[in-house]
Amino acid sequence: MMKLRLLLSCCLLLAAALFSSTAAAAPALRLIVQEGTSSSGEADYSTKKYQSLANQLSAYLKRDVQVVGLSPLRQFDPEPMRQGDIFLVRPNSVAGMAIQSLGFVPVVGLESGTKTQVLMMGSANLKRALKSPEELKKLRFAMPPADSETAHDAMRMLEQMGVRPDQMTVYNVKLQATIPFALENKLADVGVVKSDATVTPKMGTAGYIVLAESEKKAPWVVLASKKVPDEVRDQLRVAMQAMMNNPEQKSTLQSLRIQSVQDVNAQMYLDAYKRYLGK
């Protein structure tokens, strides 16, 4: 009987050691982040900014999570997206592309607490000009890169106001921080920004008002690659919700302008991608 108990104990210890070894050997998960715009325009801006989130996810998932920020200047480049296991993305149309073409599925939505829209901002005396196609043609617009979701939305808004793209004067800038600079120095008349961009409140403080606004955007979203096992996707969903319910960890999310975690469906992002493609 003593030998049997000893043998059973050895088996249990071996099984525990094997389980521990297997868990420790689990490959790292790659968290990629696409914010869409930034004050720096560099990919390492998001890499550093979201390191605290990656650290907390590592603790919850019991495996290393490595964060990599993607260049906001190449929002629709599929190659770096394919290398991700988890994708935190702000532009709705980029999320739609990842879902439709790259095998990602929604995990949770991240609500910023701010109504996310594309805004056209400028001096109050331009409010009337936006109601006249002829007056619109005389204005100069500073907006993000031409292939960005924000620029596409702005161009669609202007077309709905009765102006064709070839009738407009548009300056596409790499850094959104240069948009208020362009207005202040009379290099442009209207600046195009998102309502939840860090530069937007500064423009309001400088005396610029909202001249026109787009429809409300869907929340930022966390996607997971279909190559990630179902149980890991479930753990990721639970982890994000648990972080929001933990006061200390919630402060980390709030520092990233994440105010709540919610369920979302893929169709919102697929529709945004269709609009981006002009369909």
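The values are calculated or read from the model by the stated rules, or taken from the named source; none is laboratory data. What you are looking at is a predicted structure, and each value in this text was computed from that prediction instead of being measured. Here the Cβ is made from the backbone with ideal geometry for all residues, glycine too, and neighbour counts use every protein chain on show. Just the protein is used for accessible areas: all its heavy atoms, side chains included, with ligands, DNA and RNA removed. Shrake-Rupley method; radii C 1.70, N 1.55, O 1.52, S 1.80 Å.
With the requirement that a residue be in a loop (DSSP other than H, G, I, E, B) and buried (at least 17 other Cβ atoms within 10 Å of the Cβ), what does segment 41-62 give you?
Once the filter is applied, which keeps residues that are in a loop (DSSP other than H, G, I, E, B) and buried (at least 17 other Cβ atoms within 10 Å of the Cβ), segment 41-62 yields G41, Y50.
Output the residues belonging to segment 238-256 that are under 18 Å from the mean Cα position of the chain (by Cα) and outside any helix (DSSP H, G or I).
L256, the sole residue that qualifies.
Here is a yes/no grid of residues against (1) touching a Lys or Arg at 6+ places or on another chain (Cβ under 8 Å); (2) under 26 Å from L277 (Cβ atoms); (3) among the small types (G, A, S); (4) not in a helix (DSSP H, G or I):
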site	(1), (2), (3), (4)
E135	yes, no, no, no
P145	yes, yes, no, yes
F181	no, no, no, no
G191	no, yes, yes, yes
D196	yes, yes, no, yes
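Return the pair list, or none, for Cβ contacts closer than 8 Å from residues in segment 19-38 that are at pLDDT 60 or above and assigned to a strand (DSSP E or B) to residues that are among the basic types (K, R) and open to solvent by 40 Å² or more (accessible area, probe 1.4 Å), at least 6 apart or on different chains.
L29/R63; V33/K49
Could you tell me whether D153 is of a type in the set (D, E), within 26 Å of the chain's Cα centre (by Cα) and either farther than 18 Å from S46 by Cβ or open to solvent by 50 Å² or more (accessible area, probe 1.4 Å) (or both)?
Considered against the rule, which asks whether it is of a type in the set (D, E), within 26 Å of the chain's Cα centre (by Cα) and either farther than 18 Å from S46 by Cβ or open to solvent by 50 Å² or more (accessible area, probe 1.4 Å) (or both), D153 comes out as yes.
Between a first residue in segment 210-228 that is touching a residue at least 40 places away in the same chain (Cβ under 8 Å) and a second residue that is of a type in the set (S, T, Y) and surrounded by fewer than 22 Cβ atoms within 10 Å (Cβ to Cβ), which pairs have beta carbons less than 7 Å apart while being 6 or more apart in sequence or on different chains?
So the pair list comes out as K216/T116; K217/T116; W220/S112.
Where in segment 74-127 are there strands (runs of 3 or more DSSP E), lying fully within it, with 2 or more residues that are β-branched (V, I, T) and in contact (Cβ under 8 Å) with a residue 12 or more places away in the chain?
86-89, 104-111
Please determine whether any residue of segment 156-167 is closer than 30 Å to Y50 by Cα and crowded, with 22+ Cβ neighbours inside 10 Å.
No - not one qualifying residue is present in segment 156-167.
Restricting to segment 223-279, and then to whatever is open to solvent by 60 Å² or more (accessible area, probe 1.4 Å) and basic (K, R), can you tell me which residue is nearest to T198 (Cα to Cα)?
The extreme case among them is R257.
A177 versus (1) open to solvent by 20 Å² or more (accessible area, probe 1.4 Å); (2) closer than 22 Å to S71 by Cα; (3) over 19 Å from the mean Cα position of the chain (by Cα); (4) of a type in the set (A, V, I, L, M, F, W, C): which is the lone unmet condition?
Unmet condition: (3).
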